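Reviewing the structure listed below.
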Amino acid sequence: MKLILKTSILIFTCFITALPQGFDVKAKGVQTFSFKDDKGRNQASFHSITPFDEVDGLTSEISGQVSFDVKDVKNTLKGEISLPTASLKTGITMRDKDLKDPKWLDAEKYPVISFKIVKVTDVQILAPNKLKVKVTGDFNLHGVNNEIPVEVTMTYLDESAATEAREPGDLLGVTANFSITLSSYNVQNMILGKRVSDNITIGTNIVGTNKF
Amino acid sequence: MNIKQKITFAAGLAIIVTVFIIWIVNGTYVFTQTQVLIEKQDPLFGTTYQEWQNKFIWGLDLTLFISAISIIASTILFFIFKDKRKNRNEINS
């Protein structure tokens, strides 16, 4: 009985590890994608909501690279995405100035906000060219590094006439949404929790190319 | 309260009511905005992304500012009109 149980566990483990953990696309091997985009299509946004006020911010100045083996995203995914703190815009010029102020994000002292992939904890195949990936990474804001979990959706498009119109090469679309608490990044402000929520929702929607 | 004072009072009140109506119609935003985020479709990836679009949104700050100016102006005019009538009465007597 024990032997049957052990064998079953072994077969199950082998089956799970043998499952594809990547894309089923034309491309092969390790691919590197750059998210540098001069057209301003790539973006990261944040949202804060309190009973008193709602703030939306957006930047299109994203840069960074990710690389992975097309067939094994889980074990090979690595990279870093960053944006200049001063590039965040909220639709109100005075509020943009406040955002860069030392009382808030201190853009002069901490000019970059970044996310660096540490490990992939789970890969779920949504379509042959679409994966939902659970990533753990270092989110750096206001000079503080915190490891956070992020759920990322990756869409791989092989080079075609449709992708060519956007950019040359294979394209990788990445969307992610996650939350952070400003107080855990040493952003201490009297208005925090009143006009601006401590809990900030962050979203990214970026497209990268492997021909750069 | 003479007729001019009544007109001043009514005009001041009308301005305040109007700016508050404009504020409510604009969506009761706290701060006046000159840009708003609009959602756009990315047909290639089937996702949505956002873009800033120039649009003026009337906020509570502007509403209170105009209301305050209206109150101050109405108060000043109210006293100016009151003084004139008083002076005229004094001359007549």
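The values are calculated or read from the model by the stated rules, or taken from the named source; none is laboratory data. From a predicted model like this one, the values you see are computed outputs, not experimental measurements. In this analysis, Cβ positions are derived from the backbone assuming ideal geometry, glycine residues included, and neighbour counts consider all displayed protein chains.
Taking the stated definitions as given, is A:Leu182 closer than 20 Å to B:Tyr49 by Cβ, crowded, with 20+ Cβ neighbours inside 10 Å, of a type outside the set (Ser, Thr, Tyr) and more than 12 Å from the chain's Cα centre (by Cα)?
no
Please state which of the following conditions A:Asp138 fails to meet, knowing it meets all the rest: (1) more than 24 Å from A:Ser179 (Cα to Cα); (2) in a strand (DSSP E or B).
(1)
Can you tell me which residue is nearest to the other protein chains (Cβ to nearest Cβ) among those in region B:46-63 that are surrounded by 16 or more Cβ atoms within 10 Å (Cβ to Cβ) and of a type in the set (Phe, Trp, Tyr)?
B:Tyr49
Given B:Ile80, B:Ile7, B:Ile71, which one is among the hydrophobic types (A, V, I, L, M, F, W, C) and within 15 Å of the chain's Cα centre (by Cα)?
B:Ile71 is the lone residue from the list that is among the hydrophobic types (A, V, I, L, M, F, W, C) and within 15 Å of the chain's Cα centre (by Cα).
Considering only region B:23-45, how many residues are closer than 30 Å to A:Leu172 by Cα, assigned to a loop (DSSP other than H, G, I, E, B) and facing chain A (nearest Cβ under 7 Å)?
Of the residues in region B:23-45, 2 are closer than 30 Å to A:Leu172 by Cα, assigned to a loop (DSSP other than H, G, I, E, B) and facing chain A (nearest Cβ under 7 Å).
Do you know which residues across region A:83-103 are assigned to a loop (DSSP other than H, G, I, E, B) and among the basic types (Lys, Arg)?
Passing the criteria: only A:Lys103.
Which of the numbered conditions does A:Gly79 fail, given that it passes all the others? Conditions: (1) outside any loop (DSSP other than H, G, I, E, B); (2) free of Cβ contacts under 8 Å to residues at least 12 places away in the same chain; (3) away from chain B (no Cβ under 14 Å).
Checking A:Gly79 against (1) outside any loop (DSSP other than H, G, I, E, B); (2) free of Cβ contacts under 8 Å to residues at least 12 places away in the same chain; (3) away from chain B (no Cβ under 14 Å), the one that fails is (2).
Taking only region A:59-85 into account, find how many residues are farther than 19 Å from A:Gln31 by Cβ and either of a type in the set (Ser, Thr, Tyr) or modelled with pLDDT of 95 or more (or both).
6
Can you name every residue in region A:154-182 that is over 15 Å from A:Phe35 (Cα atoms), within 12 Å of chain B (Cβ to nearest Cβ) and part of a strand (DSSP E or B)?
A:Asn177
Do we have any residue at all in region B:71-82 that's surrounded by 12 or more Cβ atoms within 10 Å (Cβ to Cβ), more than 22 Å from B:Asn2 (Cα to Cα), away from every other protein chain (no Cβ under 14 Å) and at pLDDT 95 or above?
Looking through region B:71-82, none of the residues is surrounded by 12 or more Cβ atoms within 10 Å (Cβ to Cβ), more than 22 Å from B:Asn2 (Cα to Cα), away from every other protein chain (no Cβ under 14 Å) and at pLDDT 95 or above.
From the list A:Thr121, A:Thr136, A:Thr201, pick out the single residue that is within 21 Å of A:His47 (Cβ to Cβ), more than 12 Å from every other protein chain (Cβ to nearest Cβ) and surrounded by fewer than 17 Cβ atoms within 10 Å (Cβ to Cβ).
Answer to the selection: A:Thr201.
Inside region A:20-48, can you point out the residues that are within 17 Å of the chain's Cα centre (by Cα) and at pLDDT 90 or above?
Matches in region A:20-48: A:Thr32, A:Phe33, A:Ser34, A:Phe35, A:Asn42, A:Gln43, A:Ala44, A:Ser45, A:Phe46, A:His47.
If you go through region A:51-64 one residue at a time, how many are more than 10 Å from every other protein chain (Cβ to nearest Cβ) and either in contact with a Phe, Trp or Tyr (Cβ under 7 Å, 6 or more places away or on another chain) or farther than 14 Å from A:Leu99 by Cβ (or both)?
5
On the given criteria, is A:Ile125 touching a helix residue (DSSP H, G or I) at 6+ places or on another chain (Cβ under 9 Å) and in contact (Cβ under 8 Å) with a residue 24 or more places away in the chain?
no
Among the residues of region A:146-169, which ones are within 24 Å of A:Glu108 (Cα to Cα) and surrounded by fewer than 13 Cβ atoms within 10 Å (Cβ to Cβ)?
Correct list: A:Glu147 only.
Being part of a strand (DSSP E or B) and either basic (Lys, Arg) or more than 15 Å from the chain's Cα centre (by Cα) (or both) is the filter here; which residues of region A:49-74 pass it?
Residues satisfying the conditions are A:Ile49, A:Glu54, A:Val55, A:Asp56, A:Gly57, A:Asp69, A:Asp72.
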